[in-house]
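Each reported figure results from applying straightforward, stated rules to the coordinates on display, with no laboratory input. Everything numeric here is computed off the predicted structure, so don't read it as measured data. Cβ placement follows ideal geometry from the backbone for every residue including glycine, while neighbour counts extend to all protein chains displayed.
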Amino acid sequence: MTRPSQRSRSFIKKRINTPGGRAVLHFVKKKPSHARCGRCMKPLHGVPRGPALEIAKLPKTKKRPDRPYGGYLCSSCTRKSIKEKNLDRWQNV
């Protein structure tokens, strides 16, 4: 019988053959989904997947890309927003 904490669907049941010839079930936590762009919802590159505790232990440079809007917008949406800001700035002059 499995432990009550392992009866949820947040675990993947993985069948493993032991060296003694027994087949046992290992319960593996599912990975969280990819971080997504705030505008176009594409998966973000350079942002790690993992439990919040693991990501909190990483240094800041490993958590997100080092550019404006890094970790919030994808590279193409970042380019578009910077161009829009520059256009607005020149039109107001």
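Quick notes on this one:
- FRET efficiency, 1/(1 + (r/R0)^6) with R0 25 Å, evaluated for Leu58 and Ser8 via beta carbons: 0.45
- Reducing the range 15-57 and the range 66-93 to their Cα centroids gives an inter-centroid distance of 32 Å.
- Net +/- balance of residues flanking Lys42 in space, Cβ distance below 14 Å, scoring K and R +1, D and E -1: +4
- The slack in the chain from Arg22 to Ser81, taken as 0.36 nm per residue of separation less the alpha-carbon distance, amounts to 15.5 nm.
- Taking the longest Cα principal axis of the chain as reference, the axis of helix 75-91 is set at about 20 degrees.
- For the chain, averaging the sequence separation of C-alpha pairs within contact (under 8 Å, six or more residues apart) and dividing by the residue count gives a relative contact order of 19 percent.
- Net dipole in debye of the chain [+1 Lys, Arg Cβ; -1 Asp, Glu Cβ; about Cα centre; nearest 20]: 380
- Which listed pairs, of Lys30/Lys85; Lys42/Lys62; Lys63/Lys85, have C-alpha distances above 28 Å, in listed order: Lys30/Lys85
- Interchain or long-range residues, amide H under 5 Å from Arg36's placed H: Leu44
- Solvent-free Debye calculation, one equal scatterer per alpha-carbon of the range 36-93: log10 I(q)/I(0) at 0.24, 0.26 Å⁻¹ equals -0.94, -1.02.
- Applying the Karplus relation 6.51 cos²θ - 1.76 cosθ + 1.60 with θ = phi - 60° to the range 43-58 yields 3J(HN,Hα) values of x, 7, 8, x, 10, x, 9, x, x, 4, 5, 5, 5, 5, 7, 6 Hz, where x marks Gly and Pro.
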